[in-house]
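So the structure is just underneath, and the comments pick up after that.
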Amino acid sequence: MITQELDTTQTPELNKALYATAKVFVQPPKNKEAHYGKYADLSAIDKAIREAIKKADSGLSFYQGVLDNQSANGKDSCKIYTTIRHISGESLTIYGDSFPRDAKMQTQGANETYAKRTSLCLAFGVVADDDDDGQAVALLDDYKAKQEEARERVAKWITSEFMNLKKDEIDKLRLVLKHKDKKPADLTYAEVFQLAGALNFYKLQQGQFEEK
């Protein structure tokens, strides 16, 4: 397992060079599209950094590598690092994301590329993704859509099952609900699964429940 200690080595010349580079740095164009929005890929980030170094004539160079790592539970993984060097001889190594080792080369390559991308962003202060709020909204909308799909599916199942029950049986099942006169289609996500649970328990008691 890789132990990362805080590096307190003084790097005054490298720090000046990073400052000069940051002053002329232009954020890379977001040239790729993902489910959460647009983002800059590794090549765009790399190009933007190298152009800033050249424009500032800051004497910086950088390279990235992969270290074998092992998690606390013994699983093999990899860790990306970015080393920034200055012509003075000073250097700084910044560790990035860890990712699990994957036997599939395509998956392994994709994980490594993503980790290199985030490590470079951390090292040079690159903003490579759309606002996280946008991503959160997209994920929340997706979650709500799936939740509604599940609610409707279970409500239809309950309605179908109710057709085989007597009114007094249905009334007993509805006791689990706060609003006992609601149709299954009008129940909330929580209510529909409460009623489904009661219905399944009743069918189990009656010997009607079939495990799927």
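Things worth noting here:
- Scanning the stretch 73-94 for residues that are part of a strand (DSSP E or B) and among the aliphatic types (A, V, I, L, M), we see that the one that is modelled with the lowest pLDDT is Ile94.
- Taking the criterion of being among the small types (Gly, Ala, Ser) and either surrounded by fewer than 18 Cβ atoms within 10 Å (Cβ to Cβ) or closer than 15 Å to Leu122 by Cα (or both), the only residue of the stretch 45-58 that qualifies is Ala48.
- For beta carbons closer than 6 Å, sequence separation of 6+ or different chains, a first residue in the stretch 121-150 that is in a loop (DSSP other than H, G, I, E, B) and a second that is modelled with pLDDT of 75 or more and surrounded by 13 or more Cβ atoms within 10 Å (Cβ to Cβ), the qualifying pairs are Val126/Ile45; Val127/Gln27; Ala128/Tyr39; Ala128/Ala40; Ala128/Ile45; Ala128/Cys121; Asp130/Lys38.
- Subset of the stretch 166-194 [part of a loop (DSSP other than H, G, I, E, B) and surrounded by 16 or more Cβ atoms within 10 Å (Cβ to Cβ)]: Leu177, Leu187
- Taking the conditions (1) in contact with a Phe, Trp or Tyr (Cβ under 6 Å, 6 or more places away or on another chain); (2) modelled with pLDDT of 85 or more; (3) of a type outside the set (Lys, Arg); (4) buried (at least 18 other Cβ atoms within 10 Å of the Cβ) in turn, Ile158 satisfies each one other than (1).
- Pairing each residue of the stretch 8-31 that is over 12 Å from Ser88 (Cβ atoms) and open to solvent by less than 70 Å² (accessible area, probe 1.4 Å) with any residue that is of a type in the set (Val, Ile, Thr) and part of a loop (DSSP other than H, G, I, E, B), provided the two are 6+ apart or on different chains, yields C-beta distances under 7 Å for Pro28/Val126.
- Just one of the listed residues (Asp142, Asp132) is closer than 30 Å to Ala190 by Cβ, open to solvent by 80 Å² or more (accessible area, probe 1.4 Å) and at pLDDT below 80, namely Asp132.
- The stretch 156-204 - residue that is among the aromatic types (Phe, Trp, Tyr) and in contact with a helix residue (DSSP H, G or I) (Cβ under 8 Å, 6 or more places away or on another chain) and, of those, farthest from Ala145 (Cα to Cα): Tyr202
The values are calculated or read from the model by the stated rules, or taken from the named source; none is laboratory data. Keep in mind that this is a model prediction, so the values were computed, not measured. Counting neighbours? That spans all protein chains shown, and the Cβs are built from the backbone with ideal geometry, glycine included. These area figures cover heavy atoms from the full protein model, side chains too; ligands, DNA and RNA do not enter into them. Shrake-Rupley method; radii C 1.70, N 1.55, O 1.52, S 1.80 Å.
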